[in-house]
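The values are calculated or read from the model by the stated rules, or taken from the named source; none is laboratory data. The structure presented is a predicted model; accordingly, all values stated were derived computationally and were not measured. Cβ sites come from the backbone with ideal geometry, for glycine too, and all protein chains shown count toward neighbours.
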Amino acid sequence: MKSQAPIGVFDSGLGGLSVLRQMCGQLPHEHFIYYGDTLHAPYGVRPTEEILRLSLDAADQLVRQGIKALVIACNTATGVALDSLQQRLDIPVIGIQPALEAAQAVRGEGEILVLATPATLKTERYARLLKQHGDHVISLPAPGLMEFVEREELSGPGLSAFLDQLLTPVAGQKIDVVVLGCTHYPFLSAALGHRFPDARLMDDSPRVTAALREALQARGQLNTQAGEGRVVLSSSGGEQAVQRMRRLLEVG
Ligand code: DGL
C-alpha cells in the first residue's frame, strides 16, 4: 500500500467530522475520504446486530477505494464493530471510545460525567473501560442529542430545553470533567460548556490521531510528500448531507 493512499474515516453522520478536523490539523499531508452514513443515522439507538452490519458496510465502501488505514470516528460503531473490523481487514483500524483514561488524569474531587449513546454505554468494550477507569464516573445516555448536530442546531431554545431535561439527573453534582463520548457532541461544546463552566470537556480524538500517526509510521506509510492533503466528503444521504458537512466544518 502506498503512503499516498487515503485514510478512510466513517461515522453514522456528521459527528466524525470532529475527529476528521483534528486529524487534518495534525497530519496535514494526508489524504482523507470521509463517509457519513446519514441515511441510517442514528446508530446509537439501534440493536447491536444492526450497528454491526451498518459498520461493516460503511467500512467496505471505504476499503473498496484503496484506503491505507481506517478510522472508526464513531464511539457506537467502535464499541460494536472494532474487533470484527480489526480481524477482517489487513490495514490498521483505529476506533474511538469515551476518553475515560484522559479524564481520570485531570479529575479532582468531583465526578466525571460521560455523555454517550445508549448503544455505546451497553457495549462490553465500555464495561471493560469502566473496570479500568470507572472511579467516580456517571454514565448518562443521551438519545436525541446527536440529532441537534445533524439538524445544524448548535444553539438556541430547543437545545437548551433538551439539555435541561437530559442533565436533570446530575443537577447539583460537582462535575470535574465532561467526557464527550459521541463524536457529534464536540459540535455542542459551547452549549455544554455553558452548563458546566468549571468542568473540562474532553473527547478521544487527540488519542485517535496519535494512534493513527503511530500505526502509519510503524508501517512506513506516513505521507511525507509536500503539499496539503485532499479531503473527500461523502454520504449515504446524498449531496444535501455533504453540503451540511461542509457547513459544519466551517462553523463547528
Ligand atoms: N457519532 C456517533 C458516536 O460517536 C453516534 C451517533 C449516533 O449515530 O447515534 O457514537
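Some values worked out for this structure:
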{"item": "Some residue of the stretch 181-201 being within 22 Å of Gly134 (Cα to Cα), away from the ligand (no atom under 16 Å from the Cβ) and basic (Lys, Arg)", "result": "yes"}
{"item": "Scope the stretch 164-183; condition under 18 Å from Met202 (Cβ atoms) and either among the aliphatic types (A, V, I, L, M) or part of a strand (DSSP E or B) (or both); matching residues", "result": "Leu167, Val170, Ile175, Asp176, Val177, Val178, Val179, Leu180"}
{"item": "Odd one out for Leu222 among (1) touching a Ser or Thr at 6+ places or on another chain (Cβ under 8 Å); (2) in a loop (DSSP other than H, G, I, E, B); (3) closer than 16 Å to Thr38 by Cα", "result": "(3)"}
{"item": "Set Ile91, Ile112, Ile51: member being over 30 Å from Asn223 (Cα atoms), more than 13 Å from the ligand (Cβ to nearest atom), at pLDDT 95 or above and buried (at least 16 other Cβ atoms within 10 Å of the Cβ)", "result": "Ile112"}
{"item": "Odd one out for Arg46 among (1) charged (D, E, K, R); (2) farther than 19 Å from Tyr185 by Cβ; (3) crowded, with 16+ Cβ neighbours inside 10 Å", "result": "(2)"}
{"item": "Subset of the stretch 80-102 [in contact (Cβ under 8 Å) with a residue 12 or more places away in the chain, out of contact with any Asp or Glu (no Cβ under 8 Å at 6 or more places or on another chain) and of a type outside the set (D, E, K, R)]", "result": "Val80, Ala81, Leu82, Ser84, Leu85, Leu89, Ile91, Pro92, Val93, Ile94, Gly95, Leu100"}
{"item": "Unique match (being within 16 Å of the ligand (Cβ to nearest atom) and not basic (Lys, Arg)) among Ser12, Ser3, Ser84", "result": "Ser12"}
{"item": "Any hit, the stretch 88-104, residues being out of contact with any helix residue (DSSP H, G or I) (no Cβ under 6 Å at 6 or more places or on another chain), among the β-branched types (Val, Ile, Thr) and over 15 Å from Leu201 (Cβ atoms)", "result": "yes"}
{"item": "Hits in the stretch 63-81 - residues which are within 16 Å of the ligand (Cβ to nearest atom) and either surrounded by fewer than 23 Cβ atoms within 10 Å (Cβ to Cβ) or polar (S, T, N, Q) (or both)", "result": "Asn75, Thr76, Thr78"}
{"item": "Those residues of the stretch 50-72 which are more than 19 Å from Cys182 (Cα to Cα), in a helix (DSSP H, G or I) and of a type in the set (D, E, K, R), in sequence order", "result": "Arg53, Asp57, Asp60"}
{"item": "From the options Val45, Val80, residue that is part of a loop (DSSP other than H, G, I, E, B) and hydrophobic (A, V, I, L, M, F, W, C)", "result": "Val45"}
